[in-house]
Structure formats: C-alpha cells, structure tokens
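One structure is given here, and the rest of the page talks about it.
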Amino acid sequence: MALADAPGPCADAAPLPRRVPLPSLGSVPPTALILVGIVSVQMGAGIAKHMFAAMSPSAVVLLRLATSAAVLAVLCRGALRAELRGRTRRDLAMVAGFGLTLALMNFSIYQSFQRIPLGMAVTVEFLGPLVVAIAGSRRARDAVWALLAFAGVALLAQGGSTDLIGIGFALLAGAAWAGYILLSAATGQRFSGTTGLAIASVVGAAAVAPAGIATGGPALLDPRLLLLGLGVGLLSSVVPYTLELEALRRMPPRLFSILMSLEPAAAALIGLALLGEVLSARQWAAIGCVIVACVGATYGRREPPRAAEG
C-alpha cells in the first residue's frame, strides 16, 4: 500500500531542523525492511488482541487509527492545507471512501482476532489482495492458485471448533483490503505523497469513534491502555508503512508482494509466541496453501515499466 515513487513520508512536509539526527534506512537491505515491517504488524496485532481482555476491539481500533492519523497529520501538516484547497467533490468523496474502507478493514479484522487465532484470521484476510492480484488475469495457472487459496480457507473452516463468525469477519476484512488497494491507488493519483493516506486515516478514526467510545468507556481513560494503544498504532501502521515505503524505492513490486505473502505464517508464529495460540497440522497446511497461492500468483508476473528518474 506504499507508493513506490513517493519522495518521502509526505511530499511537502516541513523539513526537520538539521540539528535533529535522523536514522538512515538507506543502508538497510530492502528485504530486511520488509521482514521487520511484517513482524511489526503482527506484533501490533498480538498486543491488540492481548488488550481485548480490558478493552473492546472497537476501542482498540479507535486507538490504532487515531495514533496513525495523528502521526501522519503531523508529518504532512505543511502539505495538507494546500492539498485540500480547491478540491472537487469527487476528490473528497474518493478520499472519504478510502478512509471508510480503512475503518472497515481494521474493524473487521479485530473482530476476527477476538474469535479466532491470528494466523487463521490473517490467512483468510489475504484472500482480498490475492483476488485483486489475479482479477482479470489471462494466465490459466492463476485459476489454479485461486483454487488452492480457497481450498486453504475451506480447510480452516472445517471442524466443529472453528468460529464461523470469526472466519466471516476475516473475509469481510479481506474484501475491505481489496477495496483499500484499489482506492489507495486512485487516491494516490489525486493526492501527492501520503497526504491522501493522512486524510483517510482521519476519516477512518472518525468513523470508528462512536463505536470505540461507546464500547470502550472508562478504559479509554486508562493511561496504561492508552500507552498500549499508542504502541499498537505505531507497530501496526506507522512503522511498517515507513519501512515499506523505503523498501519499495529499492525493490521490484513483484518481490515485495512475494515477501508480503509471509504475513500469515508470521501471524501464526506471533500468535503462538505472544498468545499461546497453538494451531493444528490441518490449520498450518491451510496457511501453507494460501502462502503458496500468493507466491504463485505473483511469481512470473510482468513488472510495469518504471518511469525514468531525473
């Protein structure tokens, strides 16, 4: 979801003072950046699920989106006013739809986390970007990858102990993720840098605020929970987005997509390490089916030509 050719976190953001030392990511291999980003996302998910004992999923989503919205708004403070000035209704409707999709994606996957293990939820959610990747493809083998992915989800849904509502929320999150990918591209064509994402994050936080406040109640005033929520927002949104943005400047999108296919396995391992979620051999086989399908659908696909630099 990062923009490969974006010049920085925000195209027109005010520069930081020279006296502030900034860590350089340019010397870190892009593959390492992606792997750290994957671990960061799933660590954030693990902490979020741990918070469910004291706070509702809707309230945790609110904290996550509010954190990312605040950070992005600060980074883009110099560009937001200029970007919003003179915008058409179609532009505003596009970025608002992007924000609502972002809210639905996060709300649905956290509802799924509450009911089923992280690895299962993320595996089912991955059907969304997989469908986007193979939609309209004329390669016959992509039909095989699609069938393999859906077979993996069918394996997860088998068994009387599986929470079908949790599976359903994960499917809804996957559908929202597909919409997020499409709307992200459309928003990126209308707004420079990450200003579109910043605006969408504010819209998403506002959309989940009523449910988050109503179900969160006094827990939203607990300093310890607020600090954990800040950590979830940083780990799940700000850190991985920054790392992915830098990595995409130096690696082909196809390789990026293949590496991102490791997320279901990473989610399962984080669920095991942080939450004690032990998956059966059948569930691991299902995760493997989806990962292989994602890699297969991406491998061998032609890269779009890159614009000449300079």
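Can we say MET260 is under 19 Å from GLY128 (Cα atoms) and buried (at least 16 other Cβ atoms within 10 Å of the Cβ)? So MET260 fits the description; yes.
Would you please name the residue that is nearest to LEU243 (Cα to Cα), looking only at residues in the range 41-67 that are of a type in the set (Gly, Ala, Ser) and part of a helix (DSSP H, G or I)?
Applying the filter and picking the extreme gives GLY44.
Only one of the numbered conditions (1) in a helix (DSSP H, G or I); (2) surrounded by 22 or more Cβ atoms within 10 Å (Cβ to Cβ) is violated by ALA70, and that is (2). When ALA173, ALA200, ALA178, ALA207 are checked against the criterion of being buried (at least 23 other Cβ atoms within 10 Å of the Cβ) and within 21 Å of SER112 (Cβ to Cβ), ALA173 stands alone in meeting it.
The requirement of being β-branched (Val, Ile, Thr) and under 10 Å from GLY174 (Cβ atoms) is satisfied by VAL122.
So is PHE150 among the hydrophobic types (A, V, I, L, M, F, W, C) and touching a residue at least 24 places away in the same chain (Cβ under 8 Å) or not?
Criteria not met by PHE150.
Scanning the range 104-148 for residues that are small (Gly, Ala, Ser) and at pLDDT 95 or above turns up SER108, SER112.
Residues that are surrounded by fewer than 24 Cβ atoms within 10 Å (Cβ to Cβ) number at least 1 in the following helices (runs of 4 or more DSSP H) confined to the range 88-135: 89-115, 127-134.
The values are calculated or read from the model by the stated rules, or taken from the named source; none is laboratory data. None of the values given here were measured: they were computed from a predicted structure. With ideal geometry, Cβ positions are generated from the backbone for all residues, glycine too; neighbour counts draw on all protein chains shown.
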